[in-house]
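Here the structure is laid out as structure tokens; the discussion comes afterwards.
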Amino acid sequence: MSSAEPGKPRKAGMRMVRSSVTSTEAQNNFGQVLSRARQEGGVFITRYDRPEAVVLSIEEYEALTREEAPDLAALEREFDELLEQMQRPEHRRAVERFFSLTGPELGEAAVRGIAGEE
């Protein structure tokens, strides 16, 4: 089995995937490919000297697909802070002003906003 490096190695979990085998070698020696993937984290499968697929160890796959749970308490705090800001009288007046603008006035306000004017 060959070990040519197709292109730049790519990070997979904590290890770098560098080994490669041709698709024919992978087909004829799949058990060895699995062993190498377990040892090294992953193996590129090449066709015509170009990477076509990667066989990953289960640990590398799980590291790549692990979904971190969102910090609900932090999201709730952020939401509450934004809601509190939106309830201030000056923000209420700004929203009322915004909704009372005509089309041309809204366009002018947008242009002033882009230009950095108030």
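Computed values, structure above
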| read-out | value |
| --- | --- |
| Sequence of Ile58, Ile45 once ranked by neighbouring C-beta atoms within 10 Å, starting from the fewest | Ile58, Ile45 |
| Highest average packing first - 25-34, 106-115, Cβ atoms within 10 Å | 25-34, 106-115 |
| Gly41 long-range amide H proximity, modeled H, under 5 Å | Ser57 |
| Amide H partners (placed H, <5 Å) of Ser19, local residues excluded | Phe44 |
| For Val54, residues with placed amide H under 5 Å, excluding near neighbours | Ile45 |
| For segment 35-40, Karplus couplings with θ = phi - 60° (6.51, -1.76, 1.60), whole Hz, Gly/Pro x | 4, 5, 4, 4, 6, 9 |
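We did not get these values from a lab; they are worked out from the coordinates using the rules stated. What you see is a predicted model; the values in this text were computed from it and never measured. Neighbour counts run over all protein chains shown; Cβ positions are idealised from the backbone, glycine included.
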